[in-house]
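Following: one structure in structure tokens, then a few remarks.
The values are calculated or read from the model by the stated rules, or taken from the named source; none is laboratory data. Keep in mind it's a predicted model, so treat the numbers as computed, not measured. Neighbour counts run over all protein chains shown; Cβ positions are idealised from the backbone, glycine included. SASA here: full protein model, heavy atoms, side chains in, ligands and nucleic acids out. Shrake-Rupley method; radii C 1.70, N 1.55, O 1.52, S 1.80 Å.
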Amino acid sequence: MEITSKPYLSLLAQLHKLGIKGIKPWNSFYKTIETFFINSSLPAEYHFYGANVPKKLEPQRYELREKFFRALIRDGISVHKGFVVQDHEKKFISKGVDVLLSLDLVDLSLEGYDEIYVFSADGDIVPAIQRARENGTIVKAIVSFDTPAKHMVEAVDEVIRLSDVLKKIPSNHILRQERTNARTFKKESVA
């Protein structure tokens, strides 16, 4: 089964599309952004938004995802979880993740954050980005060249290309996917 809520737009799906399985430790991704792209001497906060499959239906997959969430937390990254439901075709659909991110975008802007960096191409969060900008916060998006992100690109103050971030991460922190054939890679890219 797959999680089908716009998987081509998520952080992991963008990386998978580039042949990257993950980044270890994950905070090296966030620290790279903080070091090379943020113009502030103040420490940054790191947040990750995601969901997990129901434990009863897919216990192994659930445990792997929980292990991933625990690793993020150990690396100093706040994890915000939505939930997953099954549709009428028994496909998993993540719910609430975009709403959590949107609420935090607005809340952080109201708290006076100067800049917020969003690693998403999901047009569902555009209204929250617009509201954060109206509140005086600069919003920047990190997206891949290969990701359809027209509405996101138009909504933010600046776009940082994922490839530019990846170039600055030490190569031993980037976990590459093994590509046996194009069909396998495509299937793996829908996470």
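Run the helix sum for the chain: -39,500 (n - 2.57) per DSSP H stretch of 4+ residues, divided by residue count, reported at 222 nm to the nearest 500 deg cm²/dmol.
-11500 deg cm²/dmol
Taking all protein chains as present, what is the carbon and sulfur share of the accessible area of the stretch 112-179, in % to the nearest whole number, probe 1.4 Å?
The computed percentage sits at 44.
Taking amide H atoms as placed 1.01 Å from N in the peptide plane, list the residues 5 or more away in sequence, or in a different chain, whose amide H sits under 5 Å from that of ILE20.
Counting only residues 5 or more places away or on other chains, the set is GLN177.
Apply the Karplus curve 6.51 cos²θ - 1.76 cosθ + 1.60, θ = phi - 60°, to the phi angles in the stretch 136-147 and return the couplings in whole Hz, x for Gly and Pro.
Values per residue, Gly and Pro as x: x, 8, 7, 10, 10, 10, 10, 9, 7, 4, 8, 9 Hz.
Local charge sum around ARG133 (other residues, Cβ-Cβ under 13 Å, Lys/Arg +1, Asp/Glu -1)?
-4
Counting only heavy atoms of protein chains, what accessible area per residue, in Å², does the chain have with a probe of 1.4 Å?
Here the per-residue accessible area is 58 Å².
List the DSSP H helices in the chain whose Cα atoms stretch 18 Å or more along the helix axis and whose mean Kyte-Doolittle hydropathy is at least 0.5.
What comes out of the filter, once short or polar helices are dropped, is 97-110.
Apply the Karplus parameterisation 6.51 cos²θ - 1.76 cosθ + 1.60, with θ equal to phi minus 60°, to every residue of the stretch 75-89 and state each ³J(HN,Hα) to the nearest whole Hz, in sequence, with x for glycine and proline.
These are the phi-based 3J(HN,Hα) values: 7, x, 9, 6, 9, 10, 10, x, 9, 10, 10, 9, 8, 5, 9 Hz.
So which of LYS31/LYS167; LYS31/LYS140; LYS91/LYS150; LYS81/LYS167; LYS24/LYS91; LYS56/LYS91 end up more than 21 Å apart by C-alpha?
Violating the 21 Å limit, Cα to Cα: LYS91/LYS150; LYS81/LYS167; LYS24/LYS91.
Please work out the FRET efficiency for the pair GLN60 and ARG176, using the Cβ-Cβ distance as r and a Förster radius of 25 Å; give the result to the nearest 0.05.
For GLN60 and ARG176, the calculated efficiency is 0.60.
Can you work out the base-10 log of I(q)/I(0) for the stretch 52-105 at q = 0.20 1/Å, using the Debye formula on its C-alpha atoms alone?
Evaluating at q = 0.20 Å⁻¹ gives log10 I(q)/I(0) of -0.82.
Antiparallel versus total DSSP beta bridges in the stretch 71-156: what percent is that, nearest 5?
50 percent
In the chain, what is the volume of the convex hull around the alpha carbon atoms, normalised per residue and reported in Å³?
125 Å³
Using modelled backbone amide H atoms (1.01 Å from N, in-plane), which distant-in-sequence or interchain residues come within less than 5 Å of TYR117's amide H?
Counting only residues 5 or more places away or on other chains, the set is LYS140.
Could you work out the relative contact order of the chain? I mean the mean sequence separation of Cα pairs under 8 Å and 6+ apart, divided by the number of residues, in percent.
Result for the chain is 29 percent.
Arrange the residues GLU115, GLU63, GLU89 by how much accessible surface each exposes, largest first, with a 1.4 angstrom probe.
GLU89, GLU63, GLU115
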